[in-house]
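Chemist: One structure, pasted below without further comment.
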Amino acid sequence: WMLSYPLPYRELVQKYAAEFGVDPFFIWAIMREESSFRPEVYSPAKAVGLTQMIYSTGKITARKMGVSGFKLSDLEDPETSIRFGAYHMRELIDRFGGNISLAISSYNAGGSAVARWMTERPDMEMDEFNEDIPFYETRRYTRRVLQSYAIYRYLYTPDKVSFELWQRTTQANREKQE
């Protein structure tokens with residue numbers, strides 16, 4: 001299982017997870033699904049690096065963090081990608097009241113889209129909301145990251161909460177495949 005769910009860049013992930021108050025397993029789950037842990041990856045949408053950040057998000061993040069002279073290629077550097085990604089994840093977690101699922105969806109589709117969907121579906125349960133995300137790519141991405149996050153938590157911190165998270169996400173994904 002360590003080959004499927006490795007902990008690469010451990011020192012950097014732990015450093016920035018602690019600095020920004022983000023669960024390191026959440027960061028690994030994002031990196032696993034975004035880049036398969038390859039720092040040089042560019043997506044068709046021109047997202048770059050381990051955490052697959054686009055230029056506009058990187059530039060805004062750099063400004064907020066007091067980093068001058070930001071270039072898109074800076075995100076090929078594992079430390080910069082993990083640092084910026086963890087900072088941005090913290091912003092999204094805070095924006096959506098600690099809701100990891102909404103943070104994941106907004107990491108992919110943008111915070112404005114997720115806020116709009118929440119307004120359109122104010123009373124919907126989160127499991128149902130995740131399955132009703134209008135963008136197929138974001139709906140699929142949210143499932144994958146939630147599942148990876150649950151598996152990381154289950155494998156590396158086998159407590160009751162991790163097991164229940166793993167069990168719910170695994171079962172939900174199996175039902176979607178049937």
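Chemist: Could you please put R116, R90 in sequence from largest to smallest accessible area, using a 1.4 Å probe?
Modeler: Details: R116 115, R90 60 Å².
So the residues, ranked largest to smallest area, are R116, R90.
Chemist: Quickly work out the E11-to-A45 label distance, labels modelled 7 Å from Cα along the C-beta direction, and quote it in nm with one decimal.
Modeler: Placing both labels 7 Å beyond Cα along the Cβ direction yields 3.2 nm.
Chemist: Say each of I60 and Y156 gets a label point 7 Å from the Cα, pointing the same way as Cα to Cβ; how far apart are those two points in nm?
Modeler: 2.8 nm
Chemist: Ok, one more. Measure off 7 Å from each Cα along the Cα-to-Cβ vector at E131 and R95, then give the distance between these two points in nanometres to one decimal.
Modeler: 2.7 nm
Chemist: Enumerate by residue number the chymotrypsin sites (Phe, Trp or Tyr not before Pro) in segment 1-110 meeting two conditions: DSSP loop (anything except H, G, I, E, B), and at most 13 other Cβ atoms within 10 Å of the site's Cβ. Please list the in-between numbers first.
Modeler: Details: sites: W1, Y9, Y16, F20, F25, F26, W28, F37, Y42, Y55, F70, F84, Y87, F96, Y107; in loops: W1, Y9, F37, F70, F96.
Within segment 1-110, the qualifying chymotrypsin sites (Phe, Trp or Tyr not before Pro) (loop, at most 13 other Cβ atoms within 10 Å) are W1.
Chemist: What FRET efficiency comes out for M118 versus S68 if R0 is 45 angstrom and r is the Cβ-Cβ distance? Round to the nearest 0.05. Walk me through the intermediate numbers first.
Modeler: Details: r = 35 Å, r/R0 = 0.77.
It comes to 0.85.
Chemist: Over all directions, the average projected area of the alpha-carbon convex hull for the chain comes to how many nm²? Walk me through the numbers on the way to the answer.
Modeler: Values: hull surface 41.3 nm².
The number I arrive at for the chain is 10.3 nm².
Chemist: On to the next question. Given only helices, namely DSSP H runs of n ≥ 4 each adding -39500 (n - 2.57), what is the per-residue ellipticity at 222 nm of the chain, to the nearest 500 deg cm²/dmol? If you can, show how the numbers build up before the last one.
Modeler: Values: 9 runs with 117 residues, N = 178.
The helix contribution divided over the chain gives -21000 deg cm²/dmol.
The values are calculated or read from the model by the stated rules, or taken from the named source; none is laboratory data. What you see is a predicted model, and the numbers here were worked out from it, not measured in a lab. Here Cβ is always computed from backbone atoms with ideal geometry, including for glycine, and neighbour counts include all displayed protein chains. Ligands, DNA and RNA are excluded from the accessible area calculation, which covers all protein heavy atoms including side chains. Shrake-Rupley method; radii C 1.70, N 1.55, O 1.52, S 1.80 Å.
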